[in-house]
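Here the structure comes first, spelled out in C-alpha cells, and everything after it is commentary.
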Amino acid sequence: MKLKIAVFAISLFATVSYMSSKFIFSNPASDTTVMGVSHDLACPCECPMVLEDCHMSCGIEWKDNIGLKLQSGMTKDEIIAYFYKRYGKESLLTPAQRISGKWYQVTRGGYPLKDIILFILIVAVWTVLIYTVAMLIFESLFQRKSQ
C-alpha cells in the first residue's frame, strides 16, 4: 500500500512539475511575433506580470513598440537589446519574475474556468498513465524476484 501511495505521489509530482514548467517557461510563439518577443520582457509597471500576459495600457504600449520594431525588420535579440539599453535590466525578465508573474496571473483570476478544468484533466490523465506504467514495472520486478 505504501508503494502505491509513493508511486502515485511521484507520478502526480512529475506531471504537475512538467506541465507547470512547460506553461511557465516554454514560448509557443515565434520569435518573429510580438508575443514571441514579449515572452522575455517584464511588464513596465509595478505589477508582477510577464509582458506577454499584460493587457494594461503600459504593456500594450510596449507591445505596440515591439510590433513596430518587428515591422521595421529588427530581430528579437535586437529588440530586447533596445529595451535593455533604454529601460535597463528591469525590462528583462528573470526566472523568479516569470514564476511570480505566472502565479499572479493564475491567482488573480486571469484564466477561464474551461482552461483550468482542461489543465486538471490533462494532469489527471498523465498521472494515471505514469502511475499505471510504473506499477506494472514494479509488479513485474517483484514477480521476477519471487521466482
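Please treat every number below as a calculation from the coordinates, not as lab data. This is a predicted model, so every value here is computed, not measured. Counting neighbours? That spans all protein chains shown, and the Cβs are built from the backbone with ideal geometry, glycine included.
Values for this structure:
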| quantity | calculated |
| --- | --- |
| Dipole of the chain, positive direction: furthest Cα of LEU136, ILE79, MET35, with charges on the beta-carbon | LEU136 |
| Candidates VAL106, VAL133, VAL50, ranked by Gaussian network fluctuation over the chain, Cα under 10 Å, top entry | VAL133 |
| Length-normalised contact order of the chain in % [C-alpha pairs under 8 Å, at least 6 apart] | 30 percent |
| LEU92 long-range amide H proximity, modeled H, under 5 Å | ALA42 |
| Trypsin sites (Lys or Arg not before Pro) within the range 47-147: DSSP coil, no more than 11 neighbouring Cβ in 10 Å | ARG108 |
| Those lysines that a straight Cα-Cα span of less than 27 Å connects to LYS69, excepting residues fewer than 8 apart in one chain | LYS85, LYS89, LYS102 |
| Calculated from backbone phi, Karplus (6.51, -1.76, 1.60) coupling profile of the range 57-63 in Hz, x at Gly/Pro | 4, 5, x, 5, 4, 5, 5 |
| The range 31-110 - Kirkwood radius from inverse mean 1/r over Cα pairs (Å) | 12.5 Å |
| Given charges at beta-carbon only (K, R positive; D, E negative), |dipole| of the range 31-110 in Debye | 120 debye |
| Computed P(r) (all Cα pairs; the chain; 5 Å bins; percent) | 2, 9, 14, 16, 14, 10, 9, 7, 6, 5, 4, 2, 1, 1, 0 |
| Size of charge dipole - the chain - debye, nearest 20, with Cβ of Lys, Arg +1 and Asp, Glu -1, no other charges | 660 debye |
